[in-house]
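One structure coming up, written as structure tokens, with questions to follow.
Values in this text are rule-based calculations from the coordinates and carry no lab data. Please read all numbers here as calculations on a predicted model, not as lab measurements. Glycine gets a Cβ as well: all are built from the backbone with ideal geometry, and neighbour counts include every protein chain shown.
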């Protein structure tokens, strides 16, 4: 890592760069590198050079959104045959800017479920397993689906049991938007909590937010997940 003062004119326009010190975290390898025609596309959602079932192409796009949300940005340098360097820039927060309370506020109790059945729709198997464990820890019964088609089929079979659908907004094949519309066609009263790694709704402008019951930003913790679910169930 290394502190630096950014050149505001040279930093990405999508980032609200401030005239303040930044820390640069650099990770480099000596691998095969990235081809020049591929490099501009590596942050595109669903873009991947891996084979089927070996990646969704969402990892780097989600990482970039998280870094942007904290006021930073990412730069990538790569040369085929020589390797790649990824530079992550984070704003440095001065101690005087941190407002510390004399005592840590007491953490609100986590709202638990009472055995309600939820349908979790997530194409990333790792996030799906983690989400399932968190929901079970909160006291819910969980059905899982990795695709929109599977989610619609599951809901059609278990619609009398499912109290809430937790739906990933961005998925390959059948999109989150298409899945939502098909679920609404099956049951206009279905409750749907949308999950996304994007930092704002504006980045999914065509998504039918008016047809949803809530929004949960990734990455989420147990408290955020529990609160979002209870708010949807109690609407």
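If I model a spin label at residue 112 and residue 126 as a point 7 Å from the Cα along the Cα→Cβ vector, what separation in nanometres do I get?
3.0 nm
Multiply the residue gap between residue 146 and residue 92 by 0.36 nm, knock off their C-alpha separation, and tell me the result in nm, one decimal place. Could you put the intermediate results ahead of the total?
Values: separation 54, 0.36 × 54 = 19.44 nm, distance 3.85 nm.
Between residue 146 and residue 92, full extension yields 15.6 nm more.
Here is a further query. Hey, fewest Cβ within 10 Å first, where do 29, 37, 124 land in order?
Placing the least packed residue first, the sequence is 37, 29, 124.
Could you work out the relative contact order of the stretch 117-233, using alpha carbon pairs under 8 angstrom and six or more residues apart, expressed as a whole percent? Don't skip to the answer; put the middle values down first.
Numbers: 181 pairs, mean separation 27.0, N = 117.
Here the relative contact order equals 23 percent.
Compute the FRET efficiency between residue 82 and residue 20 as 1/(1 + (r/R0)^6), taking r as their Cβ-Cβ distance and R0 = 35 Å, and round to the nearest 0.05. Mind dumping the intermediate values first?
Working: r = 33 Å, r/R0 = 0.95.
The pair residue 82/residue 20 has a calculated efficiency of 0.60.
Let me ask something additional. What is the spin-label model distance, in nm, from residue 136 to residue 158 if the labels are put 7 Å beyond Cα along the C-beta direction?
1.3 nm
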